[in-house]
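Chemist: Please see the structure below; I have some questions.
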Amino acid sequence: MGCNDDIKRLIEAEDLTLPPPEREPQRQYYFIKKCREIVKKKSEELGHPLYACSVCMGCQMNARDSEKLVGILELAGFVLSEEEDADFVIYNTCTVRDNANQRVYGRLGFLNSMKKKNPHMKIALCGCMMQEASVIEKIKKSYRFVDLIFGTHNIFKFPELLCTMFESGRMVIDIWKDTEQIVEDLPAERKYPFKSGINIMFGCNNFCSYCIVPYVRGRERSRSPKDIIREIERLVKDGVVEIMLLGQNVNSYGKNLEEPVSFAGLLREAEKIEGLERIRFMTSHPKDLSDELIEVMKESKKICRHLHLPLQSGSTRILKAMNRRYTKEQYIDLALKIRREIPDIAITTDIIVGFPGETAEDVDETIDVIRQVKYENAFTFIYSKRTGTPAAAMENQVAEKTVKEGFDRVLKAVQDTAKERVALLQGKVLPVLAEERNEHDSSLITGRLSNNTLVHFPGDTSLIGKIVEVRLEECHGFYYLGRNIKDDV
Ligand code: SAH
Ligand code: SF4
Ligand code: F3S
């Protein structure tokens, strides 16, 4: 993709007869070039191109990291493949809940059987789960066939690590505890040509008591507004119309920069970029959401009418134990203020059921918030104990049966209120960004409203990446079936 053209030239210019440069990212450009030679040689030996398969198992931030991994693999001469029997397979892991970890171990078993058939196959693991010492121990002991392991802080070193892996023939492990470093200008290959995530910050300082993210992603650090705007401008030149600004808590963006900037200030700058149509962001921590942000959203033509505002629990007592730093009332006041100021906004949320000490009455409080705020959508999670977090050491862990009951009640409340909210748009004609062919019915195109609600409508793939005016005809709970108004007769 065009964005990588400058980088391609810089890679070309590296001289492999010299020792690798010290500076980043030049050093990695050198190793991309070197890797390309290794890949070429291997594929000549094998008599076919070297296929690489990259699997992302985590959140949007992991997905963006995976786009960087894929960008590097392509420039290093691999041919991308969806098949996990490729010559090189990399899993970008997540560890936010235990089921994510179990999935990795399960799939590793399968990869091992592949590798037995195809001994030159290489297997790499990276991402959040690799930042846990216990995981590394387990892999070293029971999954000896893994070839390369690295973490979240040194992902920029991927080209260098690839070369080391090919050259050493041993298991290569490189994990950093934390970093201050932000390496700009790495190649990336986007999953969608017309939209892109952009990291505006890394890490998290909030230490919600259940959450492992601050331990595996390190301390909060913001990219400079200049670098972010430059990246967006390049993406727009390359065909991107929608961006999503990514951070664990975008509302605290810029506070620790040498010249502090607010998140709202960054949005104002992004708004000015010509050719950019839609701006999204995630995630907003309720404790840091400013009036200035509401103001900017209200005035903006480009910022999407969607706010993801994780609640986690509606019980002030549980919120305190979670270290969320807001009360039930503060949250409701904030959400209702936003609904008042920006009436066409959709609010979505994350909820955890089964946090230590949670009772049926606490769950009632959560349901009360759901009924008052009426989310357009909500992700409900069963609490998962994460070793090393304060909540894991709490004594009053909730019995599975109680959790299940609470979970079902919360889910029901979410479905009921969402149906009611989403149905409010019935019959309206609204712009939809067409994103892909519908998975189940190939005569339909799937896209999103500004407020993030999914819309399926008859159309062909020539519409993908375009903004189409669609009449919202049938509301099906969380999504709509609609019709392109150009197809009206
Ligand atoms: N930074 C974001 C959330 C990132 S993790 C925020 O603060 O909103 C995404 C979601 O996973 C969280 O909102 C939370 O609902 C859920 N989650 C995090 N840790 C969890 C755990 N230990 N068990 C269950 N769900 C968890
Ligand atoms: Fe986890 Fe809380 Fe940070 Fe979100 S804000 S990543 S839930 S610690
Ligand atoms: Fe994201 Fe999972 Fe890591 S939610 S930050 S990939 S632990």
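Please treat every number below as a calculation from the coordinates, not as lab data. Everything numeric here is computed off the predicted structure, so don't read it as measured data. Cβ atoms come from the backbone with ideal geometry, glycine included; neighbour counts cover every protein chain shown.
Chemist: Taking strands (runs of 3 or more DSSP E) that fall entirely within region 345-450, which contain at least 1 residues that are away from ligand 1 (no atom under 14 Å from the Cβ)?
Modeler: 346-353, 429-437, 444-449
Chemist: Residues of region 211-260 being part of a loop (DSSP other than H, G, I, E, B), farther than 29 Å from residue 451 by Cβ and within 9 Å of ligand 2 (Cβ to nearest atom), which ones?
Modeler: 212
Chemist: Somewhere in region 369-382, is a residue more than 27 Å from residue 282 (Cα to Cα), out of contact with any strand residue (DSSP E or B) (no Cβ under 9 Å at 6 or more places or on another chain) and more than 16 Å from ligand 2 (Cβ to nearest atom)?
Modeler: no
Chemist: Taking the stated definitions as given, is residue 336 part of a helix (DSSP H, G or I) and buried (at least 18 other Cβ atoms within 10 Å of the Cβ)?
Modeler: Spelling it out, it is not the case that residue 336 is part of a helix (DSSP H, G or I) and buried (at least 18 other Cβ atoms within 10 Å of the Cβ).
Chemist: Next question, about the same structure. Report whether or not residue 315 is away from ligand 2 (no atom under 16 Å from the Cβ), closer than 27 Å to residue 384 by Cβ and surrounded by 18 or more Cβ atoms within 10 Å (Cβ to Cβ).
Modeler: So residue 315 fits the description; yes.
Chemist: Among the numbered conditions (1) more than 16 Å from ligand 3 (Cβ to nearest atom); (2) closer than 30 Å to residue 208 by Cβ, tell me where residue 424 comes up short.
Modeler: Of the numbered conditions (1) more than 16 Å from ligand 3 (Cβ to nearest atom); (2) closer than 30 Å to residue 208 by Cβ, the odd one out for residue 424 is (2).
Chemist: Out of 303, 342, which single residue is touching a residue at least 40 places away in the same chain (Cβ under 8 Å), buried (at least 16 other Cβ atoms within 10 Å of the Cβ), away from ligand 1 (no atom under 14 Å from the Cβ) and farther than 25 Å from residue 212 by Cβ?
Modeler: 342
Chemist: Write out, first by first residue and then by second, each pair whose Cβ atoms fall under 7 Å of each other, whose residues are 6+ apart or on separate chains, and whose first residue, in region 163-178, is in contact (Cβ under 8 Å) with a residue 24 or more places away in the chain and farther than 16 Å from residue 136 by Cβ while the second is surrounded by fewer than 17 Cβ atoms within 10 Å (Cβ to Cβ) and of a type outside the set (Lys, Arg).
Modeler: none
Chemist: Kindly list the number of the only condition in (1) assigned to a helix (DSSP H, G or I); (2) more than 24 Å from the chain's Cα centre (by Cα); (3) surrounded by fewer than 21 Cβ atoms within 10 Å (Cβ to Cβ); (4) of a type in the set (Ser, Thr, Tyr) that fails for residue 29.
Modeler: With respect to (1) assigned to a helix (DSSP H, G or I); (2) more than 24 Å from the chain's Cα centre (by Cα); (3) surrounded by fewer than 21 Cβ atoms within 10 Å (Cβ to Cβ); (4) of a type in the set (Ser, Thr, Tyr), residue 29 is out only on (3).
Chemist: When you scan region 32-49, how many residues do you find that are touching a helix residue (DSSP H, G or I) at 6+ places or on another chain (Cβ under 6 Å) and either assigned to a loop (DSSP other than H, G, I, E, B) or hydrophobic (A, V, I, L, M, F, W, C) (or both)?
Modeler: The number of residues fulfilling the criteria is 4.
Chemist: Okay, moving on. Can you tell me which residue in region 195-223 is nearest to ligand 3 (Cβ to nearest atom), limited to those that are more than 25 Å from residue 358 (Cα to Cα) and β-branched (Val, Ile, Thr)?
Modeler: 216
Matching residues to (1) out of contact with any His (no Cβ under 9 Å at 6 or more places or on another chain); (2) farther than 30 Å from residue 134 by Cβ; (3) free of Cβ contacts under 8 Å to residues at least 12 places away in the same chain:
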| position | (1), (2), (3) |
| --- | --- |
| 400 | yes, no, yes |
| 408 | yes, yes, yes |
| 429 | yes, yes, no |
| 433 | yes, yes, no |
| 441 | no, yes, no |
| 444 | no, yes, no |
| 461 | yes, yes, no |
| 466 | yes, yes, no |
| 471 | yes, yes, no |
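Chemist: Now for a different question. Looking at this structure, is residue 293 surrounded by 17 or more Cβ atoms within 10 Å (Cβ to Cβ), part of a helix (DSSP H, G or I) and either of a type in the set (Phe, Trp, Tyr) or without any contact (Cβ under 8 Å) to a residue 24 or more places away in the chain (or both)?
Modeler: So residue 293 fails the test.
Chemist: A follow-up question, please. Can you pull out every residue in region 452-477 that is acidic (Asp, Glu) and out of contact with any helix residue (DSSP H, G or I) (no Cβ under 6 Å at 6 or more places or on another chain)?
Modeler: Selection gives 460, 473, 474.
Chemist: Cβ-Cβ below 6 Å, separation at least six or inter-chain, first residue in region 130-144 and closer than 15 Å to residue 103 by Cβ, second of a type in the set (A, V, I, L, M, F, W, C): which pairs?
Modeler: Cβ pairs passing all conditions: 130/149; 135/129; 139/146; 143/108.
Chemist: So residue 283 clears everything in (1) within 16 Å of ligand 3 (Cβ to nearest atom); (2) in contact with a Ser or Thr (Cβ under 8 Å, 6 or more places away or on another chain); (3) among the hydroxyl-bearing types (Ser, Thr, Tyr) except one condition, right? Which one?
Modeler: Tallying (1) within 16 Å of ligand 3 (Cβ to nearest atom); (2) in contact with a Ser or Thr (Cβ under 8 Å, 6 or more places away or on another chain); (3) among the hydroxyl-bearing types (Ser, Thr, Tyr), residue 283 fails exactly one: (2).
Chemist: Determine, yes or no, whether residue 380 is within 16 Å of ligand 3 (Cβ to nearest atom), more than 19 Å from residue 397 (Cα to Cα) and crowded, with 16+ Cβ neighbours inside 10 Å.
Modeler: no
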